[in-house]
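Chemist: I have a structure here, written as structure tokens, and I will follow up with some questions on it.
Every number in this text was worked out from the coordinates using simple rules, so none of it is lab data. This is a predicted model, so every value here is computed, not measured. FYI the Cβ positions are ideal-geometry reconstructions off the backbone, even for glycines, and counts take in every protein chain you see.
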Amino acid sequence: MKKTGLFTVMFFIANLLLGQDFDNLMTKKQVDCSDISYNSGLGFIRYMQENKLDSAQLLLEYWEFKCGMREPIYRAKILLALKQKQYNDSILTEGTLNHIFNYQNRMEMIKYSDYYLYDNYKSYYGFIPPGQEFDNYTQELSKILIREYDPNQIEYLFAEFYGENSDTIFSKIQTKIYGQNPLTTEYERAVNKYLNMPEFHMSWVTGLWIPTGKLAKLGLHPELGFQMGAKHKKMNYDLTMTFKFINSPNDYYARRTKSGGLLELTHHFFGGHIGFDIGRDIYSNNGHEIQLTGGVAFDGFDALVEDKENDLASESAGSYNFNFGLGYRYYVTNSFYLGLRAKYNMVDYSLNDVIDFTGNPITIQFTIGGVNNVLRNNNLKALKYKLRK
């Protein structure tokens with residue numbers, strides 16, 4: 001009986017102690033990156049103000065070890081190196097562009113007071129609240145450090161970026177005055193990645209079909225149509241479809257090959273052209289673009305309409321079409337352009353014996369079109385890359 005009582009007391013004490021352990025476990029505060037980052041940011045400010053640069057360096061190493069590389073840590077490392085006059089390219093690790101975009105987004109958030117974004121993306125912003133002590137201090141420090149460097153030095157560029165002008169860094173690194181460094185290398189790699197993406201192209205075509213040689217008796221005819229394809233770097237690939245219309249001003253003879261070869265005088269004319277065009281940019285600058293173009297197509301026109309009363313079928317003159325010429329585009333925006341094309345067309349409309357004469361027409365076309373790839377162009381815009389305009 002005594003043993004049973006002793007066991008009961010020991011069981012009660014064990015459960016009481018175990019319950020206390022769970023209480024401690026459940027209520028013990030876990031230190032996370034929100035606390036570490038906030039306090040490390042304040043510690044960095046204090047060490048810098050007291051000129052304890054070695055302590056500031058050790059604090060940044062601890063901060064990075066605990067929370068990984070974040071934009072505020074990256075910013076602090078660069079400013080510390082500028083303060084110590086020990087900046088070198090090894091500081092610019094892979095991912096510099098991401099840190100630059102991150103800081104620009106932070107400045108936009110502060111500018112428009114969109115602080116709710118921080119609450120949703122604390123990890124992205126390095127657990128450092130925007131527009132508070134750390135941001136204010138690094139901006140003021142940058143404004144002081146910029147006086148120590150020449151405007152043509154990369155150090156000056158970073159001091160300016162973190163100081164009072166965070167929006168021009170991409171425009172300036174394109175000038176090449178800062179030489180080749182990890183930042184320009186990463187920038188060029190990012191630009192080339194997006195430049196290599198093809199763009200969808202579409203344009204409306206209107207113009208004039210001008211026959212030459214014996215074909216000139218058919219007269220001038222307006223054209224309407226469209227192009228659809230892609231632009232990739234300097235190359236342009238398009239499916240082209242146009243229609244030419246309005247009856248001929250002069251009568252001409254056409255043959256009804258399906259009805260015994262009977263010749264008939266007509267002035268009827270309605271034609272079409274469908275083919276594939278390739279163009280290469282041979283000049284491109286400040287919104288102006290000149291292309292060398294070439295293409296292959298099927299071309300033809302209706303010469304005789306159907307005569308149901310006499311049971312006569314319609315007849316069309318058809319031909320291959322090999323063409324070449326020049327095209328010009330002026331980009332009103334990075335995506336929208338106005339253009340002009342002139343092409344020389346090699347054809348033979350006498351191939352199917354509907355007509356006995358031919359010639360090589362010239363086409364002059366006015367185009368209104370656009371090229372676009374939303375992902376490509378938005379990223380190039382963010383990189384401040386001067387695309388066409």
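Chemist: Note the full-extension length gain between Asp353 and Ser316 as 0.36 nm times their separation in residues minus their Cα-Cα distance, in nm to one decimal.
Modeler: Residue separation times 0.36 nm, minus the Cα-Cα distance, leaves 12.4 nm.
Chemist: Continuing with this model, one more query. State the answer as a single residue: which of Ser142, Thr184, Tyr38 lies farthest towards the positive end of the charge dipole of the range 33-194, with beta carbon charges of +1 for Lys and Arg and -1 for Asp and Glu, about the Cα centre.
Modeler: Farthest along the dipole direction, towards plus: Thr184.
Chemist: Show which lysines lie in cross-link reach of Lys244 when reach means a straight Cα distance below 20 angstrom and same-chain residues fewer than eight apart are skipped.
Modeler: Within the straight-line cut-off, Lys244 pairs with Lys214, Lys217, Lys343.
Chemist: Take every Cα pair under 8 Å in the range 33-194 that's 6+ residues apart, average their separations, divide by the length, and report that relative contact order as a whole percent.
Modeler: On the way: 136 pairs, mean separation 38.1, N = 162.
This gives 24 percent for the range 33-194.
Chemist: Here's another thing I want to ask about it. With labels modelled as points extended 7 Å from the Cα through the Cβ direction, what inter-label distance (nm, one decimal) is found for Ile274 paired with Glu148?
Modeler: Those two pseudo-labels are separated by 7.1 nm.
Chemist: For Lys381, go through the lysines and keep the ones whose alpha-carbon is under 22 Å away, minus same-chain ones fewer than eight residues off.
Modeler: Answer for Lys381, where 22 Å is the Cα cut-off: Lys111, Lys172, Lys176, Lys193, Lys231, Lys233, Lys234, Lys389, listed by chain and number.
Chemist: Compute, for the range 33-194, the length of the dipole vector about the Cα centre, with Cβ point charges of +1 (Lys, Arg) and -1 (Asp, Glu) only. Units Debye, rounded to 20.
Modeler: Dipole magnitude for the range 33-194 comes out near 120 debye.
Chemist: Quick check of the Kirkwood formula: for the range 199-372, what is the inverse mean of 1/r over all pairs of different Cα atoms, in Å?
Modeler: The Cα-based Kirkwood calculation yields 17.0 Å.
Chemist: Between the range 54-96 and the range 294-364, what's the alpha-carbon centroid distance in Å?
Modeler: Each part reduced to its Cα centre gives a spacing of 66 Å.
Chemist: The range 77-130: which trypsin sites (Lys or Arg not before Pro) are DSSP loop and have at most 11 other beta-carbon atoms within 10 angstrom?
Modeler: When the trypsin sites (Lys or Arg not before Pro) of the range 77-130 are filtered for loop state and at most 11 Cβ neighbours within 10 Å, Lys85 remain.
Chemist: Using the number of other C-beta atoms within 10 angstrom as an exposure proxy, rank Arg280, Arg376, Arg341 with the fewest first.
Modeler: Arg280, Arg376, Arg341
Chemist: Under a point spin-label approximation (7 Å from Cα along Cα-to-Cβ), what is the Leu195-Gln49 distance to one decimal in nm?
Modeler: 4.7 nm
Chemist: Under 20 °C and 1.002 mPa s, how fast does the chain diffuse according to Stokes-Einstein, given a Kirkwood radius computed over C-alpha pairs? Answer in µm²/s, whole number.
Modeler: Estimated diffusion coefficient is 78 µm²/s.
Chemist: Report, in deg cm²/dmol and to the nearest 500, the calculated mean residue ellipticity at 222 nm for the chain, where each DSSP H run with n ≥ 4 adds -39500 (n - 2.57) and the sum is divided by the residue count.
Modeler: Calculated mean residue ellipticity at 222 nm is -12000 deg cm²/dmol.
Chemist: For Glu164 and Asn372, what is the calculated FRET efficiency with R₀ set at 51 Å and r taken between the beta-carbons, to the nearest 0.05?
Modeler: After rounding to 0.05, the efficiency reads 0.90.
Chemist: Hey, another quick one. Hey, quick one: spin label on Ala342, modelled 7 Å out along Cα-Cβ, who in the range 355-373 has an amide N within reach, i.e. under 19 Å?
Modeler: 360-368
Chemist: Please say if the range 112-195 is rounded, prolate or oblate, where rounded means a/c under 1.5 for a ≥ b ≥ c the square roots of the C-alpha gyration tensor eigenvalues, and otherwise the choice is prolate for a/b larger than b/c and oblate otherwise?
Modeler: oblate
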